[in-house]
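Have a look at the structure below before the remarks.
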Amino acid sequence: MTEIARPVLRAVQELAVGSLFCLALLPSDLIRRGFFQTCVLILAIAVGLGIWVSPTSALISLFLSLLFYGGSLWIVPKRWSTLALRLSLAVGSMGVFLPSLTALNRASLSPETAAHVAVTLASTLLLGSALIGMLLGHYYLRDPELPVALIRRVANLFLLATVLQGLLLVANVGVLYLFGGAEAAARIGLLSTSYGLVLLGRLLIGILGSFILACVIWDTLRIPNVQAATGFFYIAILTAMIGEFLGRYLWGVTAIPL
C-alpha cells in the first residue's frame, strides 16, 4: 500500500465508524428507514471501494457488518436493526482502534497510547458527524416536521470533535517537545521543514476551517435554518476529509498523532 492510499483508507474506515455512531444517536422511531438505508448504502460503497483498492481484514469485516445492518433494515421488528447497528459499530470500532493500541511496542508509555486512541476517536467523530449531518439535513426537505433537535445533536457533536482535535494537536506536540527528548525533537523538526506545507494545510483546512464551519452551522441551527446548515455541512465534509488525509499522512511519516 502506498503512502497516499494508506491515509485515505484510514479516513474511509473512520468515516464509516463515526457515521454508525451518529446513526445510533438518532431515534429510529422518528426517522423513516429510508434515511438509514441510504446512509448504509453510501457507507458500504465507500468501504467497498476501499476493499477494491487494498483489501484488509478490518475493511472486509466492516463491509460485511454493513451489509448485515442494511439487510436488517428490511425486517419489520426494529430490534433487529438496532442489534445489527450495534454489531456493525462494534466490528468497525475494533478495526479502527486496535491498530492504535497494537502499533506501539510494550516499551511505549501509556500516555502515548492514550494520545493515539484520543486522536483516532476525535477523527472518527468529526468525519461521521459531518457526513450524517449533511445527509440528515437533506432528509428534512422530505420531512420538514422532523424536530430540529436531531440535526442540532449531530452539529453539537461535530463542534465538539473540532475542538477536541485542536486541543489534542497542541497537547501532543507540546508534550513531545517538552518531554520527548532528542528523538521527539527531530520528529517535530520534520513538521516545520520537510512537511511544513502539509502541516499548514492540516491546521488551516482540517482544524481551523472545520471549527469555523462548525460554529457557523451551530449558529445557523439556532435560528433555525436547516437548509443553510446542510449547505455548510457539504463544505464541512470536504474540509474534514482533506484535514484527516493530511493528518494521517503526517502521522505516518513523523509518528506524531495529528
State yes or no: is residue 169 touching a Leu at 6+ places or on another chain (Cβ under 6 Å) and either in a helix (DSSP H, G or I) or surrounded by 15 or more Cβ atoms within 10 Å (Cβ to Cβ) (or both)?
-> yes
Quick check: anything in region 172-187 assigned to a helix (DSSP H, G or I), basic (Lys, Arg) and modelled with pLDDT under 85?
-> yes
Among the numbered conditions (1) part of a helix (DSSP H, G or I); (2) touching a residue at least 40 places away in the same chain (Cβ under 8 Å); (3) not aromatic (Phe, Trp, Tyr), tell me where residue 257 comes up short.
-> (1)
Can you confirm whether region 153-165 contains a residue that is surrounded by 14 or more Cβ atoms within 10 Å (Cβ to Cβ), touching a residue at least 40 places away in the same chain (Cβ under 8 Å), of a type in the set (Lys, Arg) and under 22 Å from residue 22 (Cα atoms)?
-> yes
Residue pairs within 6 Å by beta carbon, gap of at least six or interchain, first lying in region 123-147 and crowded, with 19+ Cβ neighbours inside 10 Å, second of a type in the set (S, T, N, Q), listed first then second, are 128/19; 131/19; 132/19; 137/230
Can you give me the number of residues within region 14-56 that are part of a helix (DSSP H, G or I), out of contact with any helix residue (DSSP H, G or I) (no Cβ under 8 Å at 6 or more places or on another chain) and of a type outside the set (A, V, I, L, M)?
-> 2
Taking region 52-64 as the search range and keeping residues that are small (Gly, Ala, Ser) and touching a residue at least 40 places away in the same chain (Cβ under 8 Å), which one is surrounded by the most Cβ atoms within 10 Å (Cβ to Cβ)?
-> 58
Test each condition in (1) at pLDDT below 85; (2) surrounded by fewer than 16 Cβ atoms within 10 Å (Cβ to Cβ); (3) under 26 Å from residue 198 (Cα atoms) for residue 49 and report the one that comes out false.
-> (1)
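The values are calculated or read from the model by the stated rules, or taken from the named source; none is laboratory data. Worth saying up front: this structure is predicted, and the values here are computed from it rather than measured. Positions of Cβ are backbone-derived with ideal geometry, glycine not excepted, and every protein chain shown enters the neighbour counts.
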